[in-house]
Structure formats: C-alpha cells, structure tokens
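Step one of this worksheet: look at the structure below.
A short reminder: the numbers here are calculations on the coordinates, not readings from a lab. This structure is a prediction, so every number in the text was calculated from the model and none was measured. Here the Cβ is made from the backbone with ideal geometry for all residues, glycine too, and neighbour counts use every protein chain on show.
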Amino acid sequence: MANQKQMTIVEHLEELRGRLIKCLVALAITTALAFACTSQIMRVLIAPAGIELVFLRPTEMFVTYFRVALLAGVVLAMPVIVYQAVRFTLPGLRNRERAYLRVVVPGATFSFILGVAFAYYVMLPLALRYLLAFGGDLAAARWAISEYAAFVTRLLFWSGVVFQIPMLLFFLARLQIVTPQFLSENRKFAVLVVAVVAAVITPTPDPFNMVVVMFPLLLMYETGVLLAKLACRLA
C-alpha cells in the first residue's frame with residue numbers, strides 16, 4: 001500500500017490511461033472477431049421476436065451489426081476488463097491476494113455470461129410476449145431492427161453486469177472491505193437497491209416482470225453473502 005500512497009494524481013491518471021488502453025485494445029480485437037459472425041449472432045437474437053423485423057434507413061443495418069458485435073466483444077473481453085478494473089482499483093494487492101484474481105476473473109466472466117443467458121431465455125421472452133400482446137388488437141407490430149437490437153442488447157448487457165454481484169462481494173470480503181455481518185444486517189437496504197435496479201432494467205412496466213427480475217437479483221445477493229462467509233473462513 002505504500003506505493004499506492006506515494007503515487008501522484010498524474011501517476012494515477014497515467015495508470016488509468018494505460019489500463020483503459022489495454023481494455024480498449026482487447027475490446028477492439030474481440031469486437032472484430034465477433035463482427036465476422038455477427039449474422040449468426042443476430043439470427044439468435046431475432047429468434048425470440050417471432051415477427052419480421054424491418055430496417056428503415058440505409059445505414060441502419062450497419063449500425064445494428066456493430067452494436068451486436070460490440071456486445072459480443074464485451075463478453076469475450078470480459079476477463080481482461082475485470083482484471084484491469086480490479087488492478088486499478090486495488091493496486092496494492094499482495095501476492096497472496098493477487099492469487100484470488102484467478103478465481104474472481106473467470107468467476108466474474110462466467111457470472112456475466114450466466115446473466116446474459118438468463119436475460120435471453122427468461123426475461124426476453126416474457127417481455128416480448130407482453131409487448132406484442134399490448135395493443136396488438138389495435139395495430140400490427142412492425143419493429144425496426146435497430147430499435148429491437150438496442151432493446152435486446154441493453155437488456156442482456158445490464159443483466160450480465162448485475163449477475164457479477166456474488167463475485168464482487170466475495171472479493172471485497174476477502175480483502176476485508178465488507179463483512180458477512182455487514183451484508184446480513186443491511187439486507188433490507190439491499191432489497192431496496194435490488195428493487196430500484198430491477199425497475200430500471202426491467203424492459204416492461206408491469207410488476208410481474210419486475211418480480212421476475214428481482215428474484216434472481218436477490219438470489220445473487222444471498223449467494224454473495226454466502227461467498228463472503230466463505231472468503232472470511234479462508235482468511
């Protein structure tokens with residue numbers, strides 16, 4: 001930690017710049033790789049819609065392709081992004097603590113993929129069914145592919161982010177930044193935060209879908225509490 005205290009603001013900014021560059025390079029490479037198979041990815045994303053999508057502007061498909069490729073690139077680059085974020089946030093890690101990055105980095109990546117899968121197989125079908133049925137007796141659904149892709153990728157991304165809560169709590173507990181007792185005692189505040197997050201990322205305004213989103217978020221929090229207890233026992 002002594003090195004961390006001796007670093008000036010300029011040095012912190014230089015380190016941040018270096019780690020951001022590494023993340024951007026990794027993201028550029030993975031996005032380029034994903035762009036080569038974006039057509040297949042888009043077919044997978046379009047499948048739950050169940051209706052024919054249209055594009056209305058000459059550049060709409062290109063922008064949509066890039067958006068989808070970028071999401072796939074984020075998933076592929078997640079190990080690098082998580083590692084660089086942790087190393088910048090906690091530069092004073094001892095050798096023993098750095099070993100836990102071998103658990104946190106793949107764990108966070110797996111959690112992100114799990115969140116994306118949950119959103120695709122559970123949240124998305126429910127949301128699309130609701131949106132297609134609402135007002136369906138008044139007008140036929142003709143969705144623009146760019147709007148649909150933005151809707152789906154936003155839902156998948158944020159679901160992947162919140163599913164990393166358990167690994168985050170495990171790592172923070174291992175570093176003694178939080179304790180299982182603190183997490184348990186503040187569970188009521190966690191429920192409130194989960195409700196707000198669920199309301200933000202839920203793609204529809206009905207309470208049923210919000211509950212569908214809240215349940216796994218609460219499960220993630222409770223899993224994080226258990227992992228925090230495990231982290232303390234390993235200390």
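If you line up the Cα atoms of the range 1-75 on their principal axes, what length do they span on each, largest first, in Å?
Principal axes ranked by extent give 60, 23, 20 Å for the Cα atoms.
May I ask you to evaluate 6.51 cos²θ - 1.76 cosθ + 1.60, the Karplus curve with θ = phi - 60°, for each residue of the range 173-178 and list the ³J(HN,Hα) values in order in whole Hz, giving x for glycine and proline?
5, 5, 8, 6, 7, 10
For the charge dipole of the chain, defined by +1 on Lys and Arg C-beta atoms and -1 on Asp and Glu C-beta atoms about the Cα centroid, which residue among Phe163, Ile177, Tyr65 has the Cα displaced farthest towards the positive pole?
The one lying farthest along the dipole's positive direction is Ile177.
Using only Cα atoms, find the angle between the long axis of helix 60-89 and the longest principal axis of the chain, and express it within 0 to 90 degrees, rounded to the nearest 10.
10 degrees
Using only Cα atoms, figure out Rg for the chain and give it as a multiple of 2.2 N^0.38 Å. Let's see the in-between values first.
Values: Rg = 20.4 Å, N = 235, 2.2 N^0.38 = 17.5 Å.
Dividing the Cα Rg of the chain by 2.2 N^0.38 Å gives 1.16.
Dipole of the chain, Cα-centred, from +1 at each Lys and Arg C-beta and -1 at each Asp and Glu C-beta, to the nearest 20 debye? Walk me through the intermediate numbers first.
Values: 20 positive and 11 negative charges, 164 e Å.
Here the chain has a charge dipole of around 780 debye.
Helix 9-35 sits at what angle to the longest principal axis of the chain, using alpha carbons and giving 0 to 90 degrees rounded to 10?
On a 0 to 90 degree scale, this one is about 40.
Given +1 on the Cβ of Lys and Arg, -1 on the Cβ of Asp and Glu, and no further charges, what dipole in debye does the range 126-213 carry about its Cα centre, rounded to the nearest 20?
On the way: 6 positive and 4 negative charges, 43 e Å.
Dipole size: approximately 200 debye.
From the Cα trace of the range 28-160, what convex hull volume per residue do you get, rounded to a whole Å³?
On the way: hull volume 15.5 nm³, N = 133.
Roughly 117 Å³ of hull volume per residue.
Compute the distance in nm between two label points, each set 7 Å from the Cα along the Cα-to-Cβ direction, one at Arg233 and one at Glu147.
The two pseudo-label positions are separated by 5.2 nm.
Order of Ser111, Ser184 from fewest to most other C-beta atoms within 10 Å? Walk me through the numbers on the way to the answer.
Details: Ser111 24, Ser184 13.
Listing Ser111, Ser184 from fewest to most nearby Cβ atoms yields Ser184, Ser111.
When the gyration tensor of the range 166-205 is built from Cα positions, what are the square roots of 5 times its three eigenvalues, in whole Å, from largest to smallest? Walk me through the intermediate numbers first.
Working: eigenvalues 127, 31, 5 Å².
With the √(5λ) rule applied to the range 166-205, the semi-axes are 25, 13, 5 Å.
Compute the angle between helix 207-234 and the longest alpha-carbon principal axis of the chain, please, reported from 0 to 90 degrees and rounded to the nearest 10.
So the helix axis and the longest Cα principal axis differ by about 20 degrees.
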